[in-house]
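Colleague: Submitted below is the structure of interest, expressed as structure tokens.
The values are calculated or read from the model by the stated rules, or taken from the named source; none is laboratory data. Here the structure is a predicted model, which means the values were calculated and not measured. When we count neighbours, we look across all protein chains shown, and the Cβ atoms used for this are built from the backbone with ideal geometry, even at glycine. SASA here: full protein model, heavy atoms, side chains in, ligands and nucleic acids out. Shrake-Rupley method; radii C 1.70, N 1.55, O 1.52, S 1.80 Å.
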Amino acid sequence: MIDVKIDFDDAAFGLLSRRLTPAALLAATRRAVRKTALWVRTHLLRRLRDHDIRRKVIIHRIRLYNKNWRNGEGGGPAVKVWFGIDAINADTLAKPRKDAGGYWVKDFYFPGAFVPTINPKFKGKLYSRTTRERLPFQREKIEIEAAANDAFNQIVDQIPGRLQELMRQELNYEVEKMLGRAR
């Protein structure tokens, strides 16, 4: 978990925040925190693209949740960014290509894998046997935990700076709105 706090003793924040009502300050803070979470999601997806994982395969795995702090836990507005890092089905990355001993999906090789042809509901899906018998069999999967951790570690140091930049923008917007100049 990343905990980012903004010091309102900073001259720029102090000047802007003194002119605002507590409700306007809270609204600006909530927007800045939400926009920061969206920024984190976007940059996670971009970094995972560098690992050959397409956006449409994992977009449903990244969710944002608004969090309200309970009394006594301190803090203020927060957003939780949840990322599911379970293994993904290999055939969702690309169409499996047959080889003499198995199948290739992008740079991943699955020896002994097969694509069932009898039942149309299995068309294009890559499976492997779990025993030497004919049944049972299971979908071939690719682990993404290492790629996800790598992607997150690349952006983690940029999050506080991004939150401060967005907070400054949102405070400025609230001041402009108060003065009647916001569009």
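Colleague: Which pairs do you get when a residue that is touching a residue at least 24 places away in the same chain (Cβ under 8 Å) and under 24 Å from Asn172 (Cβ atoms), found in segment 28-49, comes within reach of a residue that is part of a helix (DSSP H, G or I) and open to solvent by 50 Å² or more (accessible area, probe 1.4 Å), reach meaning Cβ atoms under 6 angstrom, with the pair 6+ apart or on two chains?
Modeller: Thr36/Arg162; Trp39/Arg162
Colleague: Within segment 24-36, take every residue that is crowded, with 19+ Cβ neighbours inside 10 Å and touching a strand residue (DSSP E or B) at 6+ places or on another chain (Cβ under 8 Å) and give me the one that is farthest from Ala87 (Cα to Cα).
Modeller: Only one residue tops the list, namely Val33.
Colleague: To continue, here is another question. For Val79, all conditions in the list (1) open to solvent by less than 70 Å² (accessible area, probe 1.4 Å); (2) in contact (Cβ under 8 Å) with a residue 12 or more places away in the chain; (3) not in a strand (DSSP E or B) hold save one; what is the number of the exception?
Modeller: Single failed check for Val79: (3).
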